[in-house]
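Below is one structure, written out as structure tokens; comments come after it.
Values quoted throughout were computed directly from the atomic coordinates according to the rules given, and no laboratory measurement underlies them. Since we're looking at a predicted model, the values are computed, not measured. Glycine also receives a Cβ, built like all others from the backbone with ideal geometry; neighbour counts cover every protein chain displayed.
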Amino acid sequence: MYSNYLPPTLPDNWKLAEIDQENDYIEFLGFDEELLVSIIAQPADNPEEPYFLCLSQLKGMLGRYDFDSLDWPEWHTNEEMAVRSAINLMEWINQNYQCLDPLSKELYISLGTEEQLPLIQKFFDEELKIHEYREEKLVFKKARLLAGSNSFSESAIQTISHFAQCYNLPFYEIKGGLLCNERFQLIEDFRHNLFEYLKSIEYHPSNMEIKYPTEVGQIVKFHSPYPDEDPNQLYLLIEIFDYEGEILPKADIKALNTGLSFPPIQSVKLKDLEIAEVNNSDLIGFEGTIISASGSYISGKITEVSPIKQTVNLTKRKSQVDTNVAVIIEDPSGEIHQGYLTVLF
């Protein structure tokens, strides 16, 4: 009998719920009946190890943990081994309960920020809630599992993508992408997957004109950055790789103004980049070198740039990088010179 092998007291948070001697069954409930641990004899299925240990989640819309990944022994030779394994499982759950996903009776998805509420209300004819998440007020609605979707986040991606396409939203204005429970505890951040999906369908707002890079030395940025990427980060295009067949061209890029002596080189899809306009006014006051009309190198303090914003091209030669940035510099003697900025190394 199972009762012969039970300890004097069960682990904290657990209680004995039922012993059915006739059917050789015992069950324990834990954490206010959220979880069920049970043992039942099934000799017809496994004569050598007939006692089957099972863990079930009784509350919540979503699985809170991938218990299959535990690889916990399910079949046991006798009642004593099965009960001992069940007790050990309860103790493991006690130790790791805080690591389980939050209990979710209802699910909500974020659609955008409070500033976008008028636009969101035009599209979603249902109850909306505003809640602060990481010091930003976001608009939420109840999550729904759409036909053909395998998960709530997959359904939410379809919903937010449709909303973005209907209103021609640029990527930086797509602010939805969180799945939370009714207490607005985060279940999943699917913003990266949302942007991946939009890129896979080649979503580009009709008012978004993209100037794709074509040459090494151009200053570029990502035209559709992910939510965790700085949309203003600039990169130097240092190599382009073209492939035969259906393989898309790739590019090696190096981040600018990182403060690192040796910034890492990234390999990305060329079609994810666009030529960036650079604000040349940041150069004023710094020391620079130009190539004069006579071909000589003159160094001094940069006093003017023209134009203020432009698409910058860089051309590498043996020991220098030439640019198309026109500047005026003042040399140490106070004389003024005009030419194109160059970098010597």
request  = Place a label point 7 angstrom from the Cα of Glu330 along the Cα-to-Cβ direction, then list the residues of region 300-314 whose backbone nitrogen is under 16 Å away.
outcome  = 300-305
task = For a footprinting-style exposure proxy, rank Asp272, Asp125, Asp252 by other Cβ within 10 Å, fewest first.
result = Asp125, Asp252, Asp272
query = What residue among Glu115, Glu22, Glu173 shows peak mean-square fluctuation when the chain is described by a Gaussian network model with Cα springs under 10 Å?
reply = Glu22
Under 23 Å from Lys254, Cα to Cα: lysines that are on another chain or at least 8 residues apart = Lys199, Lys211, Lys221, Lys269, Lys271, Lys309, Lys316, Lys318
note = Between the modelled labels at Asn96 and Ser294 (7 Å from Cα along Cα→Cβ) the distance in nm is 7.7
remark   = Taking the alpha-carbon centre of each part, the distance from region 15-37 to region 155-232 in Å is 47
query = Placing +1 at every Lys and Arg Cβ and -1 at every Asp and Glu Cβ, with all other atoms neutral, what dipole size does region 177-252 have around its Cα centre, in debye to the nearest 20?
reply = 280
ask   = If you put +1 on each Lys and Arg Cβ and -1 on each Asp and Glu Cβ, how big is the dipole of the chain around its Cα centre, in Debye rounded to 20?
value = 1700
query = Tell me, what HN-Hα J-couplings in whole Hz come from the Karplus equation 6.51 cos²θ - 1.76 cosθ + 1.60 at θ = phi - 60° for each residue of region 241-247, using x for Gly and Pro?
reply = 10, 9, 10, 7, x, 8, 6
Sequence-distant residues sharing a close amide H with Ile308 (under 5 Å, placed H) = none
ask   = Which GluC sites (Glu not before Pro) from region 222-309 combine a DSSP loop assignment with at most 10 other Cβ atoms within 10 Å?
value = Glu244, Glu246
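For Lys318, Lys250, Lys211, Lys105, what ranking results if the residue with the fewest other Cβ atoms within 10 Å of its Cβ goes first?
Lys318, Lys105, Lys211, Lys250
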query = Along its principal axes, what span do the Cα atoms of the chain show, with the longest given first and each in whole Å?
reply = 104, 48, 45
key: Positive dipole terminus of region 1-132, leading residue within Leu117, Leu128, Ser104 (C-beta point charges)   = Leu117
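About its Cα centre, what dipole magnitude does region 219-275 give when the only charges are +1 on Lys and Arg Cβ and -1 on Asp and Glu Cβ, stated in debye to the nearest 20?
The calculation lands at about 160 debye.
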request  = May I ask you to derive the relative contact order of region 2-99, considering only C-alpha pairs under 8 Å and at least 6 residues apart, and to give it as an integer percent?
outcome  = 25
inquiry  = How large is the convex hull of the C-alpha atoms of region 1-110 per residue, in Å³?
reply    = 116
query = Using θ = phi - 60° and the Karplus curve 6.51 cos²θ - 1.76 cosθ + 1.60, what whole-Hz ³J(HN,Hα) does each residue of region 288-301 get, with Gly and Pro shown as x?
reply = x, 10, 10, 9, 6, 4, 7, x, 8, 9, 10, 10, x, 8
task = For region 279-344, just say rounded, prolate or oblate: build the C-alpha gyration tensor, square-root its eigenvalues into a ≥ b ≥ c, call rounded for a/c under 1.5, and beyond that prolate if a/b exceeds b/c, oblate if not.
result = oblate
request  = Under 12 Å Cα to Cα from Lys301, which aspartates and glutamates show up? Leave out anything in the same chain fewer than 8 places away.
outcome  = Glu287, Glu330, Asp331, Glu335
query = Lys318 to Glu246: FRET efficiency via 1/(1 + (r/R0)^6), r the Cβ-Cβ distance, R0 51 Å, to the nearest 0.05?
reply = 0.85
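Find how much the distance from Gln21 to Asp189 grows on full extension, using 0.36 nm per residue of separation minus their present alpha carbon separation; answer in nm with one decimal.
Full extension from Gln21 to Asp189 adds 55.8 nm.
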key: Relative contact order (percent, whole number), the chain, Cα cutoff 8 Å, 6+ residue spacing   = 9
task = Just rank His76, His131, fewest to most, by other beta-carbon atoms within 10 angstrom.
result = His131, His76
ask   = Along the positive direction of the dipole of the chain (beta-carbon charges: Lys, Arg +1; Asp, Glu -1; about the Cα centre), which of Leu186, Ile290, Phe67 reaches farthest?
value = Ile290
